[in-house]
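A.B. asks: Below you will find the structure I want to go over with you.
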Amino acid sequence: MESVEIRGNKTTTDLLQEAGWFVLHTLIAVFVLIAIIGVFWAVHPDPDATGPKMLCTALALLAPLLVGFGISKFHPDNIASYVWISGALFFGVVCVYVIDLPTGPGLCEKCTLMERLYRTFFSIGHNSGLLGGDGILIGTWIPLSIFGYALGAKIANSLED
């Protein structure tokens, strides 16, 4: 495959490598979250308790932050600090999906648009019932883990400068 030089003095091979690293860093952030959820699943906390959900929310940010920091310390590149973009895109797609979901009794039937999104993604005690009650997992923890990873990478990169 021939490399073509593109604006910014980057070849198509360089761009493909950067895209691959972008996807890899995003997947690492999600795998860290999967490991956290696996630990919580093994412990079997009360599904209605607020404490474990708050702890998992904090860990969904902090654990990927530490992993992103560590990886960027040993393999410094600027790509890892930009994976927050994939978290923002993921959150946006899930928001659009939730907005299009049908409501009914017990599923935020008379909620406004903002209340539907808030109760689905951010309300621990009064969930909307949409996304099968997994709105915090899908719409909050996944993007939060990606944001945390990017933040950790950005901190590591700024310490290098």
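No lab work stands behind these numbers, since they all come straight from the coordinates. Note that the coordinates shown come from a computational prediction; the quantities given were computed from them, not determined experimentally. Every residue, glycine as well, gets a Cβ built from its backbone with ideal geometry; the counts of neighbours run over all protein chains shown.
A.B. asks: Taking ASN127 as the residue in question, decide whether it is polar (S, T, N, Q), over 22 Å from ILE37 (Cα atoms) and touching a helix residue (DSSP H, G or I) at 6+ places or on another chain (Cβ under 7 Å). Step through it out loud before you land on a result.
C.D. replies: Values: polar (S, T, N, Q): yes; over 22 Å from ILE37 (Cα atoms): no; touching a helix residue (DSSP H, G or I) at 6+ places or on another chain (Cβ under 7 Å): yes.
So ASN127 does not fit the description; no.
A.B. asks: Same structure again: Looking for something over 20 Å from PHE122 (Cβ atoms) and without any contact (Cβ under 8 Å) to a residue 40 or more places away in the chain - is there at least one such residue anywhere in the stretch 64-77?
C.D. replies: From the stretch 64-77, those over 20 Å from PHE122 (Cβ atoms) are 66-77; that's our starting set.
Those left that are additionally without any contact (Cβ under 8 Å) to a residue 40 or more places away in the chain: 74-75.
Yes: the stretch 64-77 contains one or more residues that are over 20 Å from PHE122 (Cβ atoms) and without any contact (Cβ under 8 Å) to a residue 40 or more places away in the chain.
A.B. asks: Oh, and also: Of the residues that make up the stretch 116-123, is at least one buried (at least 20 other Cβ atoms within 10 Å of the Cβ), closer than 30 Å to ALA42 by Cα and of a type in the set (S, T, N, Q)?
C.D. replies: So far as the stretch 116-123 goes, yes, one or more of its residues are buried (at least 20 other Cβ atoms within 10 Å of the Cβ), closer than 30 Å to ALA42 by Cα and of a type in the set (S, T, N, Q).
A.B. asks: Given the stretch 4-122, what helices (runs of 4 or more DSSP H) lie entirely inside it while holding 1 or more residues that are farther than 25 Å from GLY132 by Cα? First the steps, then the outcome.
C.D. replies: Working: elements: 12-43, 50-74, 84-100, 113-121.
So the answer is 12-43, 50-74, 84-100.
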